[in-house]
Amino acid sequence: MKQYTASFTGHRIIAREDLATLPQRLDETIASLIQQGIVYFGSGYARGFDTLAAQAVLRARDKNDAVKLIAVLPCTDQSEKWPEADQEVYWKLLTVADKVVCVINRPYEDDCMKKRNLRLITHNSVCITYMKHWRSGTAQTVRMAVAQGLTVINLAE
């Protein structure tokens, strides 16, 4: 299963200069991976890049019903403190996910994000990222991906 699966990790804030082109780059990357046999895509469902990635997977799924979106949530209340508009997008995306995995089935705990990120990495062969700097949770996840031998595709480069 791992060879058919990719995951996403990225910053919550997307650079203004990247906002216009990032959805298209996601679409192209996902289409290329589908041609290579990858049809399962895991998203941590965070704001920013994870949301854009989940939306791109849904666009790909509209064209190919073999494509599956997997929501990998860190905890049960991930979106609780988000702005209302972001919460609405989150819940709409959750309703259309093919599978939902909650890493800890309880409210936020100190290490739940790290556990979620590790779950994303250990069940995949490709890590698609939007990473502009190395001091972040995204960078920590990318370092884990590299250590596990995953192919890393950075759409911020």
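Figure legend. Inter-residue proximity from segment 108-119: first residues closer than 18 Å to residue 145 by Cβ and in contact (Cβ under 8 Å) with a residue 60 or more places away in the chain, second residues of a type in the set (A, V, I, L, M, F, W, C) and in a helix (DSSP H, G or I), beta-carbon distance below 7 Å, spacing 6+ or different chains. Indicated pairs: 117/144. Elements of the type helices (runs of 4 or more DSSP H) sitting completely within segment 65-157 and holding at least 3 residues that are within 15 Å of the chain's Cα centre (by Cα), of a type outside the set (A, V, I, L, M) and surrounded by 12 or more Cβ atoms within 10 Å (Cβ to Cβ): these cover 112-122, 137-147. Among the conditions (1) assigned to a helix (DSSP H, G or I); (2) more than 25 Å from residue 135 (Cα to Cα); (3) of a type in the set (Gly, Ala, Ser), the only one that residue 37 does not satisfy is (1). Taken over segment 2-34, the residue count meeting the criterion of being under 27 Å from residue 135 (Cα atoms), part of a helix (DSSP H, G or I) and of a type in the set (S, T, N, Q) is 2.
Every listed requirement among (1) over 19 Å from residue 150 (Cα atoms); (2) touching a residue at least 60 places away in the same chain (Cβ under 8 Å) is met by residue 59 save one, (2).
Screening residue 60 on (1) buried (at least 18 other Cβ atoms within 10 Å of the Cβ); (2) within 24 Å of residue 140 (Cα to Cα); (3) hydrophobic (A, V, I, L, M, F, W, C) shows it passes everything except condition (2).
Bear in mind that the values in this text are calculations on the coordinates, not laboratory data. Note that this is a predicted model, so its numbers are computed, not measured. Using ideal geometry, Cβ is built from the backbone for each residue, glycine included, and neighbour counts are taken over all protein chains shown.
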